[in-house]
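Enquirer: The structure that follows is given in the form of structure tokens.
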Amino acid sequence: MAVMNVNPTRMQLQKLKKQLTTALRGHKMLKDKRDELMRQFLDLVRQNMELRIRIEEKLRKCNVNFASAGAVMSSEMLSQSLLTTSQKMLAIPSSKNIMSVNVPIFSTEKRNNDSSAVYPYGFAFTSFELDDAVTELNEIAQELVLLAQIEKSCEMMSIEIEKTRRRVNSLEHVLIPRYTETIKYISMKLEENDRSSKARLMKVKDMLLEQAHHYSEQ
């Protein structure tokens, strides 16, 4: 690990020690953040998998009913039956902070809560398979919104986890070792300078004693 290009002084040594302490504290906080993000991310992934399997099964049944309805109704009648709707559902966005990540939260609101508003057609010329398909679609609409919310949250948290992981690795494998090696280098340099200074002082002392008393201190 390369040593920082700094002057080997005591002031610089104290400064680097403080920076190392801060880096170690930041490293621990980032590791804790990464671990908590991973825990919550895995919980969301499990929720996402369970919800997606449930929705895909309901959509499969819904497609079967649509195919059955298409078999007993003309394509024109089927298209005309689904052309308009009297019920609308709004997705109201908000957000929640998870470890500094603002993940989306969607709440749903239906404009018309009348159960008959689910079917935008009369029942005289339509099949019961079409009724079942529309009912199933209405039931999974809120789950689809929840699935979109969870998947977007997983995407945002995975990006934050990767950023945090890179910062942890940078501190752990680059910055902290560099601080440690530089502190070690400056400490050794200062000790060497102290030994040199003591040697010079002793030499000067011997010279002064020899000049004053014509002897040197052994």
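Enquirer: Looking only at region 78-91, decide whether some residue is in contact with a Phe, Trp or Tyr (Cβ under 8 Å, 6 or more places away or on another chain) and in a strand (DSSP E or B).
Expert: Scanning region 78-91 turns up at least one residue that is in contact with a Phe, Trp or Tyr (Cβ under 8 Å, 6 or more places away or on another chain) and in a strand (DSSP E or B).
Enquirer: Next up: Which residues, taken from region 56-77, are under 15 Å from T126 (Cα atoms) and part of a helix (DSSP H, G or I)?
Expert: Result: N65, F66, A67, S68, A69, G70, A71, V72, S75, E76, M77.
Enquirer: Collect the residues in region 46-95 that are among the β-branched types (V, I, T) and under 19 Å from L146 (Cβ atoms), keeping them in residue-number order.
Expert: Answer for region 46-95, where residues must be among the β-branched types (V, I, T) and under 19 Å from L146 (Cβ atoms): I53, I55, I92.
Enquirer: So, in region 157-173, of the ones that are of a type in the set (A, V, I, L, M) and touching a residue at least 40 places away in the same chain (Cβ under 8 Å), which residue ends up surrounded by the most Cβ atoms within 10 Å (Cβ to Cβ)?
Expert: Filtering region 157-173 for residues that are of a type in the set (A, V, I, L, M) and touching a residue at least 40 places away in the same chain (Cβ under 8 Å), the one surrounded by the most Cβ atoms within 10 Å (Cβ to Cβ) comes out as M157.
Enquirer: For region 127-142, which positions are assigned to a helix (DSSP H, G or I) and over 41 Å from the mean Cα position of the chain (by Cα)?
Expert: F128, E129, L130, D131
Enquirer: From E172, E136, grab the single residue that is in contact with a His (Cβ under 7 Å, 6 or more places away or on another chain) and modelled with pLDDT of 75 or more.
Expert: Of the residues listed, the single one that is in contact with a His (Cβ under 7 Å, 6 or more places away or on another chain) and modelled with pLDDT of 75 or more is E172.
The values are calculated or read from the model by the stated rules, or taken from the named source; none is laboratory data. Keep in mind it's a predicted model, so treat the numbers as computed, not measured. We place every Cβ from the backbone using ideal geometry, glycine too, and count neighbours over all the protein chains shown.
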